[in-house]
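What follows is a short report on a single structure.
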Amino acid sequence: MAPILDIYGLESPTFHMAFEELVDYVNELNVVVSDFHKNVTPKQFKYCFGDFGLDHCTIDTLMAILEISKRCANAGSLRGGATGAMVFGNLSERQMAVTCKELKIGEKDRFIDIGCGFGQLMCTVAALTQAEVSTGIEYQDHIYDAGLLQLKFFKKLMKFFGKRHGNITIKYGDVTEKKNHSMITTSTFVFANNIAFKKQ
Ligand SMILES: C[S@@+](CC[C@H](N)C(=O)[O-])C[C@H]1O[C@@H](n2cnc3c(N)ncnc32)[C@H](O)[C@@H]1O
């Protein structure tokens with residue numbers, strides 16, 4: 001964000017800001033930069049988060065945005081013991097990007113990650129494919145909470161950098177429960193990275 005802050009003479013956000021303060025700061029910034037987005041052309045301004053003129057994310061831009069949103073949501077703290085025995089690692093966003101390409105996931109698709117963790121994969125799908133809906137369901141409440149926060153930051157950052165994405169939602173719940181089955185049956189791509197789902 002440094003070039004934009006510099007242009008508008010704004011102070012940088014600090015690591016000590018409370019969450020609500022940071023959200024207010026980002027909202028204010030979104031208003032300030034909206035004119036900038038409208039007027040700038042690709043040749044005028046090359047930016048560390050990719051080409052400002054592009055309305056969609058390249059993979060590198062997406063990685064940079066996800067890196068920030070994950071840090072803001074403190075997703076790193078969920079690794080290891082905090083996740084418990086039901087978590088067995090994450091797929092990398094770059095692997096997901098390759099998967100999207102190989103499976104040709106597109107705008108008419110409805111993607112779901114059953115056991116989405118903090119939701120980085122559905123964000124990846126939404127940003128790279130513009131799928132109609134990218135959803136995740138997660139049943140560990142502390143991971144779901146981090147997912148909600150991650151998603152909130154991700155959407156704000158995407159807006160800030162002028163990048164579009166398909167609809168993204170995250171739901172709290174156990175995917176094996178009957179009431180959640182329609183989320184699967186209405187999807188065109190179902191992704192699972194889990195060695196087992198508990199028996200009902
Ligand atoms: C290995 S992690 C995968 C996270 C993410 N999908 C990825 O690939 O990076 C599996 C996640 O599934 C969640 N999970 C396991 N069983 C579930 C269930 N029955 N319903 C919803 N979530 C579940 C776990 O809590 C965990 O966060």
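The values are calculated or read from the model by the stated rules, or taken from the named source; none is laboratory data. Values in this document were obtained by computation on a predicted structure and should not be read as measured data. Here the Cβ is made from the backbone with ideal geometry for all residues, glycine too, and neighbour counts use every protein chain on show. Ligands, DNA and RNA are stripped out before the accessible areas are found, and what is left, the full protein with its side chains, is counted by its heavy atoms. Shrake-Rupley method; radii C 1.70, N 1.55, O 1.52, S 1.80 Å.
Tell me, what % of the accessible area of segment 56-192 is carbon and sulfur with a 1.4 angstrom probe? Heavy-atom surface of segment 56-192 belonging to carbon and sulfur, 1.4 Å probe: 55 percent.
Checked against a 22 Å cut-off, the cross-linked pairs Lys152/Lys178; Lys101/Lys171; Lys70/Lys108; Lys104/Lys179; Lys70/Lys163 give Cα-Cα distances beyond that limit for Lys152/Lys178; Lys101/Lys171; Lys70/Lys108; Lys104/Lys179.
Taking every protein chain into account, the accessible area of segment 56-192 amounts to 47 square angstrom per residue (probe 1.4 Å).
With a sphere of radius 10 Å drawn around the Cβ of Ser69, what net charge do the other residues whose Cβ falls strictly inside it have (Lys, Arg +1; Asp, Glu -1)? Taking every other residue near Ser69 into account, the sum is +4. Translational diffusion of segment 60-200 was estimated from the Stokes-Einstein equation, with Rh taken as the Kirkwood radius over Cα pairs; at 37 °C and 0.692 mPa s the coefficient is 218 µm²/s.
Positive contributions from Lys and Arg (+1) and negative ones from Asp and Glu (-1), summed over other residues with Cβ under 13 Å from the Cβ of Tyr172, come out at -3. Loop-located GluC sites (Glu not before Pro) in segment 121-200 (DSSP state not H, G, I, E or B) with no more than 13 neighbouring Cβ atoms inside 10 Å: Glu177. Taking amide H positions as modeled 1.01 Å from N, with prolines and chain starts lacking one, the residues under 5 Å from Asp113 and 5 or more places away or on another chain are Thr135, Gly136, Ile137, Phe191. Across segment 171-188, computed HN-Hα scalar couplings (Karplus, 6.51 cos²θ - 1.76 cosθ + 1.60, θ = phi - 60°) run 10, 8, x, 9, 5, 7, 6, 4, 4, 9, 5, 5, 4, 7, 5, 8, 9, 9 Hz from first to last residue, x flagging Gly and Pro. Couplings for segment 66-71, taken from phi via the Karplus curve 6.51 cos²θ - 1.76 cosθ + 1.60 with θ = phi - 60°, read 5, 4, 5, 5, 5, 5 Hz in order; Gly and Pro are left as x.
Sorted largest first by accessible area at a 1.4 angstrom probe radius, with every protein chain in place, the residues His16, His142 fall in the order His16, His142. Over all other residues within a Cβ to Cβ distance under 13 Å of Cys100, the charged ones net out to -2, with Lys and Arg as +1 and Asp and Glu as -1. Of the residues Met158, Met63, ranked by 1.4 Å probe accessible area with the largest first, the sequence reads Met63, Met158. Largest first, the residues Ile65, Ile184 sort by 1.4 Å accessible area into Ile184, Ile65.
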